[in-house]
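Student: Sharing a structure below in structure tokens format, with a few things to ask.
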Amino acid sequence: MIGVDIVDLSRIDPEDAAFVRHLLTPAEQEEFHARKSAHRKTEYLGGRFAAKEAIFKATGDQMFLSYSILTEVSGKPYVKDHPELDVSISHDGGFAIAAVLCLKPQKGLAK
Ligand SMILES: CC(C)(COP(=O)(O)OP(=O)(O)OC[C@H]1O[C@@H](n2cnc3c(N)ncnc32)[C@H](O)[C@@H]1OP(=O)(O)O)[C@@H](O)C(=O)NCCC(=O)NCCS
């Protein structure tokens, strides 16, 4: 299965601490706080928001907020503890977009 999502970055406030804690796992919050500028923080939040919605679309898992989308040394994002999920994120022109490919079939669904 595949999932995609797009987020309007004007809806994202990197100063909203409650939103940050709601959206990001503790490991993601560490990466978020390491981003230096408000712009990069907004992109990070928007990208993770889009990626988590894309995980829901690809997997059907209601616990999509609990997935940790972390960053390899190269900058490439990956979903911690979920090698069956492949994620890609991009941001430009005030939007973040993410695509997730799930290499495992969803349970209980006809194809
Ligand atoms: C990695 C690269 C593809 C990012 O592209 P970009 O247009 O600058 O930025 P985008 O907004 O599309 O993508 C940024 C996201 O890409 C992802 N990313 C970063 N490095 C990555 C990598 N090595 N592999 C896969 N994804 C990567 C990240 O999720 C990042 O967002 P985040 O840091 O908020 O999580 C780019 O910097 C690069 O190295 N390109 C190599 C090819 C090149 O030099 N092209 C220029 C001439 S065509």
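Here, each number is a calculation from the coordinates, and none is a lab measurement. All values reported here derive from a predicted model rather than from experimental measurement.
Student: Kindly write out, for region 93-102 in residue order, the coupling ³J(HN,Hα) from the Karplus curve 6.51 cos²θ - 1.76 cosθ + 1.60 (θ = phi - 60°), rounded to whole Hz, with x marking Gly and Pro.
Tutor: Each residue's phi maps through the Karplus curve to give x, x, 10, 10, 9, 9, 10, 10, 10, 10 Hz.
Student: Let me ask another. Per DSSP H run of n ≥ 4, the term is -39500 (n - 2.57); total these for the chain, divide by its residue number, and report the mean residue ellipticity at 222 nm rounded to 500 deg cm²/dmol.
Tutor: On the way: 3 runs with 38 residues, N = 111.
Taking each H run of at least 4 residues, the total per residue is -11000 deg cm²/dmol.
Student: Could you give me the radius of gyration and the Dmax of the chain, taking only the C-alpha atoms into account and expressing both in angstrom?
Tutor: 13.6, 46
Student: Between 0 and 90 degrees, rounded to the nearest ten: what's the tilt of helix 38-59 against the longest Cα principal axis of the chain?
Tutor: 10 degrees
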